[in-house]
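Participant: Dropping the structure in here first, questions after.
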Amino acid sequence: MGQGCSDAGFCTMGAMRPNQAYSKRLKLKLRSIEYNFYRGQSNLTPVIYAHTVEFNASIGNSISLQVKAPFMHIEGNLGNNSGLGDISLSTSRTIGKWKEGNIGITVGAKIPTNNSNAEFTSAESGNLPADLPMYYQTSLGSFDLVAGVAWINEKWLLATGIQIALTENKNEFKWGEWPAYPDPMYVRKYDIANHLKRGTDVMVRIERSFRFLNFDYSLGLLPIYRVSKDEIFNTTLEKREKVDQTTGLALSGLTSFGYQLSINHGLRLVYGYKLTDREINPDGLTRKNVLSFTYAYKF
Amino acid sequence: MRKELFFLFLISYSVLFAQQELYEEADRFYAKNDWSAAYDLFSESSVVFLQETKWNDYIHCNVRMADCLLRMTLFQEGLALSDSILNFIKKWSSSDTLMLADVNRIKGEIWLNLGNNEKALEHLHIAEKIYPKTINLPLAECYNLLGIIYWNNQNQSISRQYHQMALEIKSKVVGDNSLTVADSYNNLGLLYTNSNPSLAYDYFEKALKTYENQLGTLHPKVGYCLINMGKSQLNSGWIDQAQELIIKAELIWGELYKYDHPAKAFTFLAKGEVFEYANDQNNALLSYETALQMYVRLFGEKHPEVANTYLKIGGLFQSKSNFKNAVLSFQRAIYSNIRSPFVENIYSITPLDDYFNADILLASLLSKAKALEALHFEKSLKIKDLKQAIVTYQQADTLLNKLRTIRKSEADQLRLGEQSLLIYENGIQLCEVLALQPAFFESYKKIAFSFSERSKAALLLKSIEDTKPTAFKGLPERMQLQESKIKDSLALIALVRLKDPTNKSYQQKEFALNQAYVSLQNDIKLNYPDYFELKYPSSLIGLDDFQKLLKEGEIALTYLEGNQSLIVLLISSDEIEIVVKPLPVEYKKWIPGLRNSISYQLDKQTRKISSELYNFLLPELPKNTSKIIIIPDGKLHQLPFEVLYDITSNKWLIENYEISYAYSATLWSKTITENTLDENTGIALAAPVEFNQSGLVTLPDSEKETQDLKYLFLSHRMPTYQVLREKATEESIKNANFGKYSFLHFATHGVVDMQNPSRSCIYLQPDSVNDGQLFAGEIYGLNFTSKLVSLSACETGLGQFASGEGILGLTRALTFAGAKQLLVSLWSVSDESTAQLMVGFYTNVIRNNSETSFSQALQQAKLDLLHHDQWKKPYYWAPFILIGN
């Protein structure tokens, strides 16, 4: 799901990803290439489209690698932006069994593909290039470290993970760069994310799957708690400061339907809906709802 | 005149000499394997003999000609000539029966070459009967051919006997270095190729030595022997040596046969096997396909060799994970083995009425089912693949039941049992998968249940075959013979029709036989319903009907012990759950371990193993469960589930539930009976107390036990009938008066012969007519109407266990004799505690009357012992189990 409902990407990484294959009888393939199309409606006008290519490879029965590369396109009232999104790399390992389920761990990283300082020139910006808010950026602009653990069986997936931003980005969006926008109050709804360093996120995924021979569906909850405040550079005070109300819970409900055309080919549709949100979201990681479609080729 | 006579004599002598010369010349060509030339000369000879009306010589020449046709692989011509010889013998020469035997032997060999084992058997058995049972070569050859056919039919032990008899005769007649003895070595080698390849190699080596010495290196026998040696080397893992031997054979065929020949095709198959073993799949496939094309050119598409080659090709595709092609190849293997035209649609139902070779067909069906399974799970995920796999397993099961009637030896029956286990284990597991699909929840649960029931029903047929009772439920021997004769004729006519499907006369005969068979079946069904049900247990109970019989709180646990997994069906009145568990490594040790620990009264060890078994064997039971009906399988037949120990509640299973046992849901449904007791309800008691048979100790407490029971019943004004000591004879039991009582109680020794179930017996007193051993075979013929038979004796609940078959012992025989329910023991029991338990049990039965079931009464009696300091260990209270409702 790229940078999904309200997360910075770790929810779809390795052992923490939703709708994982689990079967005692099916012969699971060792490699897969997946194409995912994602549409996310943010809390404001931007609509985020992502075309993600994902590659998974297993080494033996217990270790797997995952690489994800999204191409993103964002459209909103302030303009639009396209480009390569952050690259995700992770490795997972099955470490044991518990209650007829497997326990897996994942460590990974997100590699930024730009500094989150894409600009857009329009009449609203006085025909001058103006920095776009984080909502419009294709990259979060930071190196992130991710770790997680999950337990999965035929029916349930329980996962938890942590994502820590190691660096700050170079976003310099300012409200004043959009002098001609007809509704100044709208522009002010975009939180300032000047040289943002995101706080640490902790996620929990609870998913109930109903698996059948060649299809499955699932219902899940995805609470993500930002445990530390976001930090930006205050240009007035000329110092970095913690932003209040950036911590808290973002809760989404998810449902998915997957259909296996064969062992090699599969389709999946996922719908996510925001249930609660954080007050202030400088990173733009808020979605009212998301819809994603995936085609996976396993070999 | 003298001159004239002299000339006449000279001419006659010259003619005779010329005839003799001609015949000997033909014989020389025959010996040199120039069968074509031999045929021509025998033919010339025969014409002369015909002109001179020397019928026996004429017939003899024709027999040799038929033999030559057989060697030239002109099978149809050989059959036609054999038939005309038989007609001729009937008309002109009934005196020389040996030639009749020879013709039948040749016909048998031709049918063998045509892949029709049943037809071949028919003729060879005729020949076998005619040949004098002295040491003579034709008889040995006949034995040899019979050995080959029984080997083809997987009747390996019978085959081995025939080959060894053939070898013995041949060695005596012609010495160890003769060709015919080498043939026997070769055949014996074939028997051991898989089971003991190094022994097989030794046999082949002996044969080869003789072949090469006598025939030179360029001879078909040398070629075949080399291939056989190659195969045995391959089975020992010597690939290079195997390849070398097969190439040598190939060179021989190159010299001997310019065109297609079965030997060449056979060699390509062997080459393919070597390549496959060496994991060179491309060359393996190439070899198999070359063999296939040659076989098709030689025999056409419909032939067992063609089917067998398709089977090999399918196996190769399967190992390459090319499941689609594997399924298609197996489909072709099936259709090459039946008369119906090929249908490419793998989801169609294949008619299996007319087949050439049942074993190859069974293997093809099983392979197809497994390939469909693999196609689903490893490739397509299409539900229709799984559905078709189940249908194919069902077809294989039907065929397998037919095969049970063909198989003769116990060892071969057991092999069939293993194949049937594969069908039921895989079939139920697939049903479990499909039963999870919303569209099939119910239907596949029902099929799983029917697979389970069929796995138990197989036992019924086997018990009949094994026990061979003198009279089954009163069916006259005449009708049994009639039934058997019609079935044999039907089988034969079906085989004839394979070769000539359009022949109307055969069609009419088949129709007439079918009509006679249906009429006979109706007659049996009407007049001997018990026998009909026993012999044709097709009316197995369905899931719905079984569930209707289960009361609130009752559940049935049906077990199937597979090769890889234990399958449990948990059935209540409104639900069925299928649980599949992989068999843990320690499973094999658990039950003997538990039995030993109980036997030696090792309490801690008993609780440890029984708690492990509790966790493994018992699925989560519905909360309202009060009674469990156990339908065991395999080793579980030896386990009293009462001793399963729940470590969380610190209770034995018997403390929480009533427990009873059944052999199958169908049999259980027939045991349902009202337990209502009235003043007509009585007990018949038998206690010989002392025994003449060696090794059997006196049972002094048994007399007291029966006396106590007698007074218990009398005190409730119920009739009793007691046969004690010398009066407890077989006759007293066979007497109709004994069997009419509601309760039959035997306080005596019993023995279950694990190797030979029909020798299982109950010990009684001998008399002038009987030996005092009431064998299982005799029990089948008895007619009980009792609610309960108790065997207060040692290990009477055990029996022979056969994989995929179940357990065979006294209990089976008693059930068929009419006992609705049985109380038997699983291990040697203490005389005193048994008496306590029995008295307690019957007291509970009588006191509570209809308000309590036998299982409740037994539960209470066991709990009384369990709470008694002296008898609290499972050794005392656990051995007796109740079979029935």
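Participant: Identify the residue in the stretch A:68-123 that is of a type in the set (D, E, K, R) and part of a strand (DSSP E or B) and, among all such residues, is surrounded by the most Cβ atoms within 10 Å (Cβ to Cβ).
Facilitator: My answer is A:110.
Participant: Looking only at the stretch B:374-381, decide whether some residue is on the phi < 0 side of the Ramachandran plot, surrounded by fewer than 22 Cβ atoms within 10 Å (Cβ to Cβ), over 23 Å from the mean Cα position of the chain (by Cα) and more than 14 Å from every other protein chain (Cβ to nearest Cβ).
Facilitator: Restricting attention to the stretch B:374-381, the residues satisfying the condition of being on the phi < 0 side of the Ramachandran plot are B:374-380.
Still in the list and also surrounded by fewer than 22 Cβ atoms within 10 Å (Cβ to Cβ): B:374, B:377-380.
Then keep just the ones that are over 23 Å from the mean Cα position of the chain (by Cα); that gives B:374, B:377-380.
Next cut, more than 14 Å from every other protein chain (Cβ to nearest Cβ) only: none.
Within the stretch B:374-381, not a single residue is on the phi < 0 side of the Ramachandran plot, surrounded by fewer than 22 Cβ atoms within 10 Å (Cβ to Cβ), over 23 Å from the mean Cα position of the chain (by Cα) and more than 14 Å from every other protein chain (Cβ to nearest Cβ).
Participant: Please specify each residue of the stretch B:427-451 satisfying the condition of being in contact (Cβ under 8 Å) with a residue 60 or more places away in the chain and either within 12 Å of chain A (Cβ to nearest Cβ) or part of a loop (DSSP other than H, G, I, E, B) (or both).
Facilitator: B:429, B:432, B:435
Participant: Mind telling me which of the residues A:216, A:230 ends up being within 14 Å of another protein chain (Cβ to nearest Cβ) and touching a Gly at 6+ places or on another chain (Cβ under 8 Å)? Spell out how you get there, then give the answer.
Facilitator: Working: A:230 fails: within 14 Å of another protein chain (Cβ to nearest Cβ).
Checking each option against the conditions leaves just A:216.
Participant: Now for a different question. If we keep just the residues of the stretch B:65-94 that are in contact (Cβ under 8 Å) with a residue 24 or more places away in the chain and of a type in the set (Ser, Thr, Tyr), which is surrounded by the most Cβ atoms within 10 Å (Cβ to Cβ)?
Facilitator: Once the filter is applied, the top-ranked residue is B:82.
Participant: Checking residue B:807 against (1) at pLDDT below 75; (2) assigned to a strand (DSSP E or B); (3) under 19 Å from residue B:685 (Cβ atoms): exactly one of these is not met. Which one?
Facilitator: The single condition residue B:807 does not satisfy is (3).
Participant: If you scan the stretch B:320-339, which residues turn out to be in contact with a helix residue (DSSP H, G or I) (Cβ under 7 Å, 6 or more places away or on another chain) and part of a helix (DSSP H, G or I)?
Facilitator: B:323, B:324, B:325, B:326, B:327, B:329, B:330, B:331, B:332, B:333, B:334, B:336
Participant: Something else: With in contact with a His (Cβ under 8 Å, 6 or more places away or on another chain) and assigned to a loop (DSSP other than H, G, I, E, B) as the only criterion, which of A:171, A:127 stands out? Give the steps one after another, and end with the answer.
Facilitator: Working: A:127 fails: in contact with a His (Cβ under 8 Å, 6 or more places away or on another chain).
Going through A:171, A:127 in turn, just one is in contact with a His (Cβ under 8 Å, 6 or more places away or on another chain) and assigned to a loop (DSSP other than H, G, I, E, B): A:171.
Participant: Are any residues in the stretch B:768-804 crowded, with 18+ Cβ neighbours inside 10 Å, modelled with pLDDT of 65 or more and part of a strand (DSSP E or B), and if so, which ones?
Facilitator: B:774, B:775, B:788, B:789, B:790, B:791, listed by residue number.
Participant: Here is a further query. From (1) part of a helix (DSSP H, G or I); (2) in contact (Cβ under 8 Å) with a residue 12 or more places away in the chain; (3) within 40 Å of the chain's Cα centre (by Cα), pick out the condition that doesn't hold for residue B:62.
Facilitator: (3)
Participant: Quick check on residue A:251: is it more than 14 Å from every other protein chain (Cβ to nearest Cβ), hydrophobic (A, V, I, L, M, F, W, C), within 29 Å of residue A:168 (Cβ to Cβ) and touching a strand residue (DSSP E or B) at 6+ places or on another chain (Cβ under 6 Å)? Spell out the reasoning first.
Facilitator: Values: more than 14 Å from every other protein chain (Cβ to nearest Cβ): yes; hydrophobic (A, V, I, L, M, F, W, C): yes; within 29 Å of residue A:168 (Cβ to Cβ): yes; touching a strand residue (DSSP E or B) at 6+ places or on another chain (Cβ under 6 Å): yes.
In short, yes.
Participant: Further, regarding this structure: Looking at (1) in a loop (DSSP other than H, G, I, E, B); (2) under 13 Å from residue A:284 (Cβ atoms), find the lone condition where residue A:135 falls short.
Facilitator: Among (1) in a loop (DSSP other than H, G, I, E, B); (2) under 13 Å from residue A:284 (Cβ atoms), the lone unmet condition for residue A:135 is (1).
Participant: Moving on. Could you tell me which residue of the stretch B:704-748 is surrounded by the most Cβ atoms within 10 Å (Cβ to Cβ), considering only residues that are among the small types (Gly, Ala, Ser) and within 19 Å of residue B:819 (Cα to Cα)? Don't jump to the end; show me each part of the working.
Facilitator: Going through the stretch B:704-748, the residues among the small types (Gly, Ala, Ser) turn out to be B:715, B:728, B:732, B:736, B:739, B:742, B:747.
If we keep only those that are within 19 Å of residue B:819 (Cα to Cα) too, we end up with B:732, B:736, B:739, B:742, B:747.
Values: B:732: 17, B:736: 10, B:739: 19, B:742: 21, B:747: 27.
The selected residue is B:747.
Participant: A further question follows. Residue pairs, Cβ under 7 Å, 6 or more apart or interchain, first in the stretch A:244-260 and in contact (Cβ under 8 Å) with a residue 24 or more places away in the chain, second in a strand (DSSP E or B) and among the β-branched types (Val, Ile, Thr). List them.
Facilitator: A:249/A:276; A:250/A:224; A:250/A:276; A:251/A:276; A:254/A:270; A:256/A:270
Participant: If residue A:210 satisfies all but one of (1) hydrophobic (A, V, I, L, M, F, W, C); (2) within 14 Å of another protein chain (Cβ to nearest Cβ); (3) assigned to a loop (DSSP other than H, G, I, E, B), what's the number of the condition it fails?
Facilitator: Exception for residue A:210: condition (3).
Participant: Then there is this: Could you list, in sequence order, the residues of the stretch B:812-827 that are among the hydroxyl-bearing types (Ser, Thr, Tyr) and either touching a Gly at 6+ places or on another chain (Cβ under 6 Å) or without any contact (Cβ under 8 Å) to a residue 60 or more places away in the chain (or both)? Show your work before the answer.
Facilitator: First pass over the stretch B:812-827, keeping only residues among the hydroxyl-bearing types (Ser, Thr, Tyr): B:815, B:825.
Listed by number, the list holds a single entry, B:825.
Participant: Is it the case, given these coordinates, that residue A:268 is among the charged types (D, E, K, R), at pLDDT 90 or above, closer than 25 Å to residue A:51 by Cα and crowded, with 18+ Cβ neighbours inside 10 Å? Steps first, answer last, please.
Facilitator: Working: among the charged types (D, E, K, R): yes; at pLDDT 90 or above: yes; closer than 25 Å to residue A:51 by Cα: yes; crowded, with 18+ Cβ neighbours inside 10 Å: yes.
Yes: the conditions hold for residue A:268.
Participant: Contact list please: Cβ distance under 7 Å, first residue in the stretch B:19-40 and in a helix (DSSP H, G or I), second residue hydroxyl-bearing (Ser, Thr, Tyr), pairs at least six apart or on different chains.
Facilitator: So the pair list comes out as B:19/B:45; B:22/B:45; B:23/B:45; B:26/B:45; B:38/B:30.
Participant: Also, quick follow-up: Looking only at the stretch A:258-274, which residues are of a type outside the set (A, V, I, L, M) and within 14 Å of chain B (Cβ to nearest Cβ)? So that I can check it myself, show each step before the final result.
Facilitator: Of the stretch A:258-274, the ones of a type outside the set (A, V, I, L, M) are A:258-260, A:262, A:264-266, A:268, A:271-274.
Hits for the stretch A:258-274 are A:258, A:259, A:260, A:262, A:264, A:265, A:266.
The values are calculated or read from the model by the stated rules, or taken from the named source; none is laboratory data. Everything quoted here is computed from the prediction, not taken from an experiment. Cβ coordinates were reconstructed from backbone atoms using ideal geometry, including for glycine residues, and neighbour counts include every protein chain displayed.
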